[in-house]
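Notes follow once the structure below has been shown.
Laboratory data are not the source of any read-out in this text; all were calculated from the coordinates shown. Not measured: the values here are computed from a predicted model. All Cβ positions, even for glycine, are placed from backbone atoms using ideal geometry, and neighbour counts span all protein chains on display.
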Amino acid sequence: MTNPFDLTGRTALVTGAGRGVGAGVARSLALAGATVVVNDLHADRAEQVADSLPGAQALAFDVTDRAVVRRSVDAVVRDLGRLDILVHNAGVLDGGGRPARVVDLSPEVWQLQLDLNLTALQQLAQAVLPHQLDHGWGRIIQISSGAAARGLSIGVAAYGAAKAGGESLIRHLAVEYGAQNVTANALSLGMMEGLARVDEPAVQRMIRQIPTRRLGRPAEVGAAAVWLASEAGGLVNGQVIHLNGGMIFGR
């Protein structure tokens, strides 16, 4: 029996995959058989993850630079023959480790979030789509956040607004290209492991709000990405899927 989750023969680009959730997604896709291109802004991070995965390669570039994105995607297709799966994960929670409420939000932090979470997604999709359409098959996956659906008081308004814009773009991509066998979906994450900037008592308070009473793991995001990227996930299109242990967002 054919494994419907087998990604052998598929090529995937995962942005921001040098650590954390991105590395977990890259690992899961590679274990499912895909040839994975590990992107990160920092070459050493990308290389370390790529070296740990079968058949993977590192490609460091800035996802906010339109010309560099285009050249990088074209290089992947030239070297590997195709680019079937795009997972856009690159981003930062805030502008440098210090969350800011709207009154204190600097123009630089606001623009950074828009560049990383909305404009970069558009640039990547615009570069990848022609190759996917040529092959008649493609998957575009945005790694989003519950902050896109729920107002929070922890100083992540710019991040949440930019992620919400990305989710809206995903829905439009899904409608525009679904008939050509290219799907687009978002994985909206709740509280994840690796909250280095949050003190332990705060983490424990957050966990008590999660029905499953634990933080999410990168491998769980990776498993969901494998599903969406596989033939088994082909009917899922234009959706925002919440991976948050049962936390209620949007109210």
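Here are a few things to note about the model shown:
- Other-chain or far-sequence residues with amide H under 5 Å of Ser145's (modelled H): Leu189
- Fraction in percent of alpha-carbon pairs per bin - 5 Å, region 11-243: 1, 7, 15, 19, 21, 17, 11, 6, 2, 0, 0
- Pairwise FRET efficiency - Phe5 versus Gln180, Cβ, R0 = 25 Å, nearest 0.05: 0.65
- Computed magnitude of the charge dipole of the chain (debye, nearest 20; Cβ of K, R +1, Cβ of D, E -1): 700 debye
- Over the chain, relative contact order from alpha-carbon pairs under 8 Å, at least 6 apart, %: 21 percent
- Most fluctuating residue given options Ala75, Ala125, Ala164, as computed from a GNM of the chain linking Cα atoms under 10 Å: Ala75
- Considering only Glu47, Glu193, Glu167, the Gaussian network model of the chain with Cα springs below 10 Å gives its largest mean-square fluctuation to Glu193.
- DSSP beta bridge pairing in the chain, given as percent antiparallel to the nearest 5: 0 percent
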